[in-house]
Amino acid sequence: MKLGCIADDFTGATDLANNLVRAGMRVVQTIGVPGDDEDAGEADAVVVALKSRTIDPADAVAQSLEALRWLRARGAAQIYFKVCSTFDSTERGNIGPVAEALMDALGCDFSIACPAFPANGRTIYKGYLFTGDVLLSEGPMRDHPLTPMTDPNLVRVLQRQCRRRVGLIEHAVVSAGGAAIARSMEELRAQGIGHAIVDALSDADLMAMGTAFATLPVLTAGSGVAIGLPRNFGIEADARAAQLPPAGGAAAIVSGSCSAASNAQVQAFLQRHPDRGLALSPSALAQGDQPIDAALAWARPRLGDEPLLVYATAPADAVRAVQAQLGVQRAGELVERALARIAHGLVEAGVRRLVVAGGETSGACVQALGARRLRIGAQIDPGVPWCHAPDAAGRGLHLALKSGNFGTVDFFDKAFEALA
Ligand code: ADP
C-alpha cells in the first residue's frame, strides 16, 4: 500500500477514492477499520471510512489512531486525513484534534490542511474558503444543523481546534509551483508553525501541491489534493485502475434521497420505465412492516436485466407533511430501515447490480448488506463511482452509492449503461 487514507465520513471516503482511481491508483474502501487478520490486497491506496465528523473529539481521535495503526502495519508510506471540502467541524474539532493526534503518532512537527476542490467550487484565497461565488459563511453551510460554518477564515477555524500554531501558504506562492510551496513549508516550520492552510484556486494549484507534499508523513485535505499525489509514487492516470470484476445478475435501484436531483432522477426513470417503479409510503411504514414484504413480493417476479426502482423519494412539501405527522427523526429512521431491508431482500433474490440514492440511505444499505470493503471502479458522474463488494459466497455485488445532489437527471439509466 502506498497511500493510507482515513476519511471522517462515508460518502466523503468514496469521493476521495474516486479521485485516486481517476489518477491511476487501485483503491479499496473499507467500512470502518478492518480486522487485524485482513490485508490490503493489491490496492495502491486504502481509504478507511469512519463516521467521526461530529462524534466526541476523543472518540474521533481513538478511531483515527486505530485506522492509522492498521494502515501503517500494511505499509502505508503516507497518511491522508480526508475531511469535508467545506471543512465541516465544530469549535472543538474534530479536524484539529485528529490531525494533531496523527502528527504526534508519526513524530511529525509540520503538516498542511487544504479542503480545496475547485472542480466542485471549493476554493481558498488568503486562507478564506469560498463555496461557489460566496464565502463559506455566506453559503448554505452557515445553517448546517450539526456543523454550522460561520467563520470563513480557515487559519482561525483550525487554530481554535489546535495546540500547534497555524499559518498560511498564500496563492502567490502556490501559483509559483511545487518548489516554492516546499520552500514556504520549510520557512513556516522554522518559525515554529505546526500547520499551514494552503490556498488553491485551480487543479493546477492542486497538482503543484502534489509535488511539494511528497515527503509529508501526514496531511489533512478534502478530496481535491488527491489528484496530485499518485504521481509521487510513479503512478499515472490509467483506466485499468478502475477495472472491476465483470457485472451480471439483476439490476435494481433503491432511493431514499429527497434532494432536488434525486426527485428529478426518479421522475426521469419512471417516465422511461413506467411499470418498473414502486413508491414506499412512510405513513404506511409507521403501521408495520407490511410495505417491506409487499415491495419485495412486487420486485421478485420482475427482477432481470432491466432495472427496477423502489423509492421513498418525495418532494419537499410531502416530506414536510410526513415529518409533521411522524417527527423528522422517526420518519427518516423508518424509511432508512425499510430501504435497507429491501436492499438486502433484493440481493437475496438475485440482484447483483444495485444503485442506492442518498448518503444516510447508502450507509444503512451497506450496513444491512454486510459489505465490509469496496473496490472502487469507474466514475459514473463526478463523485459517484461504481464499486464492487466481494461476498463470502464469491458472487460479489456491484454497488453505486449516490449522495443527495450528485448525478445528472438520467443518472439511473446512465449508471447501468456505464456498467454494461
Ligand atoms: P441525501 O443524500 O439526499 O441527504 P439521505 O439518504 O442522506 O439523502 O437522507 C434522506 C433522509 O430522508 C433519510 O433519512 C431518509 O430515510 C429520509 N426520507 C426518505 N424519504 C422520505 C419521505 N418520503 N419522507 C420523510 N423522510 C424521508
I'd like the full set of residues that are near the ligand (Cβ under 8 Å from one of its atoms) and either touching a helix residue (DSSP H, G or I) at 6+ places or on another chain (Cβ under 7 Å) or touching a residue at least 24 places away in the same chain (Cβ under 8 Å) (or both), limited to region 321-337. Val322, Gln323, Leu326, Ala331, Gly332, Leu334, Val335, Glu336
Evaluation of His195 against (1) at pLDDT 95 or above; (2) out of contact with any Cys (no Cβ under 7 Å at 6 or more places or on another chain); (3) not hydrophobic (A, V, I, L, M, F, W, C) (one fails), failing number: (2)
Evaluate region 402-419: report whether one residue or more is under 22 Å from Leu50 (Cα atoms) and not in a loop (DSSP other than H, G, I, E, B). yes
If you check Arg375, Arg395, which single one turns out to be in contact with a strand residue (DSSP E or B) (Cβ under 9 Å, 6 or more places away or on another chain), part of a strand (DSSP E or B) and away from the ligand (no atom under 16 Å from the Cβ)? Arg375
Which numbered condition Asp199 misses (of (1) within 16 Å of the ligand (Cβ to nearest atom); (2) surrounded by 20 or more Cβ atoms within 10 Å (Cβ to Cβ)): (1)
What number of residues in region 160-175 are of a type outside the set (Lys, Arg), out of contact with any helix residue (DSSP H, G or I) (no Cβ under 6 Å at 6 or more places or on another chain) and touching a residue at least 24 places away in the same chain (Cβ under 8 Å)? 3
Just to be sure, is Gly363 surrounded by fewer than 24 Cβ atoms within 10 Å (Cβ to Cβ) and touching a residue at least 24 places away in the same chain (Cβ under 8 Å)? yes
The residue that is nearest to the ligand (Cβ to nearest atom), considering only those in region 381-392 that are under 18 Å from Ala343 (Cβ atoms) and crowded, with 17+ Cβ neighbours inside 10 Å, is Val384
Within the group Thr211, Thr220, which residue is within 30 Å of Phe110 (Cβ to Cβ) and part of a strand (DSSP E or B)? Thr220
Quick one: is Arg341 modelled with pLDDT of 95 or more, more than 9 Å from the ligand (Cβ to nearest atom) and part of a strand (DSSP E or B)? no
Can you say whether Val61 is β-branched (Val, Ile, Thr), out of contact with any Leu (no Cβ under 7 Å at 6 or more places or on another chain) and either crowded, with 23+ Cβ neighbours inside 10 Å or not assigned by TED's automatic domain parsing to the domain that holds Gly210 (or both), as far as the supplied structure shows? no
Quick one: count up the residues across region 183-193 that are part of a helix (DSSP H, G or I) and either crowded, with 16+ Cβ neighbours inside 10 Å or at positive phi (or both). 3
Could you run through region 173-182 and say how many residues are farther than 21 Å from Leu129 by Cα and either under 24 Å from the mean Cα position of the chain (by Cα) or loosely packed, with under 14 Cβ neighbours inside 10 Å (or both)? 1
On the basis of being surrounded by fewer than 20 Cβ atoms within 10 Å (Cβ to Cβ) and away from the ligand (no atom under 16 Å from the Cβ), does Asp413 make the cut? yes
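The values are calculated or read from the model by the stated rules, or taken from the named source; none is laboratory data. Quick caveat, the model's predicted, so the values are computed rather than measured. Please note: Cβ atoms are built from the backbone with ideal geometry, for glycine as well, and neighbour counts cover all protein chains shown.
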